[in-house]
Amino acid sequence: MSQPPVTQTPDEIFAREEEPVDGLHKEEAPPRARGSVLGWMQANLFSSIPNTLVTIACAALLVITVPPLIQWAFVEAVWSAADPAQCRAAEGACWALIEQKHRFILFGLYPFDEHWRPLLAVALFVIAIAVSCFPGFWRPWLAVLWVCTLGICALLMWGGILGLTFVETERWGGLPLTLILAAVGIVCAFPISIVLALGRRSEMPAVRALSVGFIELIRGVPLISVLFMASVMVPLFLPEGVTVNKLLRALIGIVLFTAAYLAEAVRGGLQSIPRGQFEAADALGLSYWQKTVLIILPQALKIAIPPIVNQFISMFKDTSLVIIIGLFDLLTTAKTALTDPPWRPFYVESYLFAGLIYWAFSFFMSRYSLFLERRLEAGAKRA
Amino acid sequence: MSEGSKPETASAITLEHVHKWYGSFHVLNDISLTVRRGERVVICGPSGSGKSTLIRCVNGLERHEKGRLIVNATELTPDVRSVERVRRDVGMVFQSFNLFPHLTVLENLVLAPVWVKKMPKAEAQRIALEYLGRVHIPEQANKYPGQLSGGQQQRVAIARALCMQPQIMLFDEPTSALDPEMIKEVLDVMVELAEGGMTMIVVTHEMGFARTVANTMVFMDGGTIVEMAPPETFFTAPNSERTRKFLSQILAH
Ligand SMILES: Nc1ncnc2c1ncn2[C@@H]1O[C@H](COP(=O)(O)OP(=O)(O)O)[C@@H](O)[C@H]1O
Ligand SMILES: [Mg+2]
């Protein structure tokens with residue numbers, strides 16, 4: 001941010017250091033006219049010849065693409081139809097597919113009459129997230145709220161007591177499954193990643209070697225093979241008769257994979273903490289864990305928020321790879337909904353629907369991380 | 001060994017033939033130095049002469065590799081407990097302040113007393129506010145370090161070390177990172193601390209301060225102690241040519 005040069009006497013400079021007093025020093029107004037649309041356009045869209053060319057090109061692209069898209073998605077779309085023939089007759093999007101199949105896409109093979117249970121579970125989960133977003137609520141009771149929410153969600157999904165019929169995890173699918181994979185993945189992988197990142201910087205050679213070995217091993221393998229190994233190879237090592245639930249195997253694979261990547265994001269944060277912070281903590285006599293938890297991690301994690309959230313978002317979408325071990329996550333149900341022959345031509349609509357849901361969650365995470373960064377930034381400056 | 005039962009030895013810090021190497025670089029070469037209780041030692045010397053390394057060895061931030069180092073009747077050994085023991089009695093102030101930027105001034109001050117000494121929070125806060133008064137900035141308790149001037153930050157750093165109620169204070173060029181107009185406010189606090197009888201080792205090139213406060217002046221060069229004398233002799237009749245040259249250089253400024 002460059003400001004127009006203002007000459008100041010030493011007195012004024014000193015006064016600014018102490019407490020800025022309004023009106024004490026008169027600053028020149030910036031030369032650009034404010035508040036005028038034309039002024040803004042001139043400054044931002046047409047400030048130079050290359051800028052003007054880019055502006056025109058973008059405008060042309062919008063003019064070419066947007067009207068047909070609106071035409072297809074809204075104007076000529078079929079919103080409701082029991083018979084796919086109506087869709088085939090129309091030019092526009094066939095949202096009737098969503099109308100007909102949304103329950104399968106959202107909840108997969110979960111017993112049809114029990115769909116209210118995953119719906120309620122997802123709603124409770126989203127509410128808990130919404131509540132957790134407010135820094136004012138970061139109190140011990142929030143942990144209690146989460147334990148209760150997750151307990152109720154598990155109860156709703158599984159059933160088997162309180163008159164709810166038992167639904168095995170093999171039948172779970174769609175959005176709840178995707179959210180379970182992502183949420184459990186994040187919640188379990190995050191602490192593991194912190195331990196791995198600390199281990200990688202440890203002074204104990206054995207701890208360091210283990211952490212580096214684990215991180216590099218996992219990072220060298222695609223998630224799809226980690227999932228495949230978790231699904232096919234793990235049972236080979238287990239004694240006869242012992243089976244590990246398919247969902248659990250997928251979760252273990254996702255957690256290990258995400259932890260390895262997150263660990264590198266956290267390590268980046270740790271590395272940016274100046275040596276003086278460690279030394280000051282040491283000189284005060286803090287133990288390793290006191291120093292790490294009270295001084296280093298709060299600063300390192302704040303710095304690492306962007307890459308950490310980036311990792312969260314990418315793993316949220318990567319959960320769709322569980323299709324290779326036969327789990328029906330949201331993307332798989334969107335695809336499976338099309339196996340009904342008359343609806344088969346309308347795959348774009350089905351994928352758009354699933355894509356919109358993925359986008360909504362990912363966009364939310366991205367925006368929230370921005371909010372958090374700004375808020376923590378402000379926190380360190382406020383008096 | 002409990003707090004009170006420590007044998008009352010006359011010397012607070014004893015270094016006997018201390019050596020340290022960085023790889024093949026001999027950074028501390030046969031250092032012997034005794035600091036009595038209540039004594040103020042000022043160390044000066046050209047950059048890279050090993051001054052920081054020396055005082056960082058005293059609280060175990062760096063480990064010496066040969067010789068003996070005894071602080072407050074505890075010998076620093078490879079055993080980490082000896083380091084923990086020593087750090088309870090020794091406070092340190094750094095050139096770059098090293099306040100914790102994510103904590104307020106008051107939180108910076110109470111952190112170690114609460115977590116290391118297990119002091120009740122209310123008592124730690126009372127002591128913290130008292131020391132903030134002693135360094136003349138009681139009104140800054142709830143600000144973050146980033147909102148303070150360099151001189152204020154360094155005074156907070158001094159208060160933070162004092163909150164652990166150390167018997168020995170180490171200062172590593174405490175005013176070198178400060179703008180000239182802020183140096184005095186920090187030195188004033190250090191003078192007051194010296195008048196209160198604190199045992200201090202101060203690495204500094206502020207010779208005016210050294211003259212007022214030091215009992216013993218030490219000149220280091222190339223990892224060795226070249227000259228050690230009371231300030232009167234040190235400034236007026238140094239033995240070594242190197243000391244004389246160094247003094248004329250920094251006093252010329
Ligand atoms: N961690 C380190 N590794 C290698 N060399 C170091 C390290 N720390 C300091 N040194 C070297 O040791 C010498 C003494 O450093 P220092 O004690 O900081 O000197 P001073 O404080 O007198 O300027 C310098 O030449 C410096 O480059
Ligand atoms: Mg130094």
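The values are calculated or read from the model by the stated rules, or taken from the named source; none is laboratory data. Treat the numbers as computed from the prediction; the structure is a model and nothing was measured. Don't worry about glycine lacking a Cβ; one is built from the backbone with ideal geometry, like all the others, and counts go over all protein chains shown. Heads up: the accessible areas ignore ligands, DNA and RNA and are worked out on the full protein's heavy atoms, side chains in. Shrake-Rupley method; radii C 1.70, N 1.55, O 1.52, S 1.80 Å.
So here's what we get for this one:
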read-out	value
Average partner coverage of A:283-296, which counts Cβ from other chains inside 10 Å	6
Protein accessible surface hidden between A and B, which excludes ligands and nucleic acids, total in Å², probe 1.4 Å	2000 Å²
Where B:22, A:110, B:131 fall by accessible area, highest first, once all protein chains stay in place (1.4 Å)	B:22, B:131, A:110
Listed peptides A:91-100, B:104-113 by packing density, highest first (mean Cβ within 10 Å)	B:104-113, A:91-100
Cβ neighbours within 10 Å from other chains - mean over B:90-98	4
Neighbourhood net charge (13 Å Cβ-Cβ; Lys/Arg +1, Asp/Glu -1) for residue A:353	+1
Directionally averaged shadow of the range A:111-166, computed from the convex hull of its alpha-carbon atoms, nm²	3.9 nm²
Above-threshold pairs, the threshold being 20 Å between Cα atoms, out of A:291/B:117; A:101/A:246; B:51/B:245; A:291/B:121; A:291/B:118; A:302/B:118	A:101/A:246; A:302/B:118
Space enclosed by the convex hull of the alpha-carbon atoms of the protein assembly as shown, per residue, Å³	257 Å³
Peptide B:107-117, shielding by other chains (average Cβ, 10 Å cutoff)	3
Calculated FRET efficiency for the pair residue A:126/residue A:91, C-beta based, R₀ 45 Å, to 0.05	0.80
Cα-based convex hull, chain B, per residue volume (Å³, whole number)	132 Å³
Alpha carbon centroid spacing (whole Å) that separates the range B:32-58 from the range A:64-100	82 Å
Surface accessible to a 1.4 Å probe, per residue, for the residues of the protein assembly as shown, Å²	52 Å²
Helical contribution to [θ] at 222 nm, DSSP H n ≥ 4, -39,500 (n - 2.57), averaged over chain A, rounded to 500	-20500 deg cm²/dmol
Chain lengthening between residue A:210 and residue A:134 when straightened (0.36 nm per residue, less Cα-Cα)	23.6 nm
Radius of gyration, Dmax [the range A:195-332; alpha carbons; angstrom]	18.2, 56
Cysteines in the protein assembly as shown lacking a second Cys C-beta under 4.7 Å	A:58, A:133, A:148, A:153, A:188, B:44, B:57, B:163
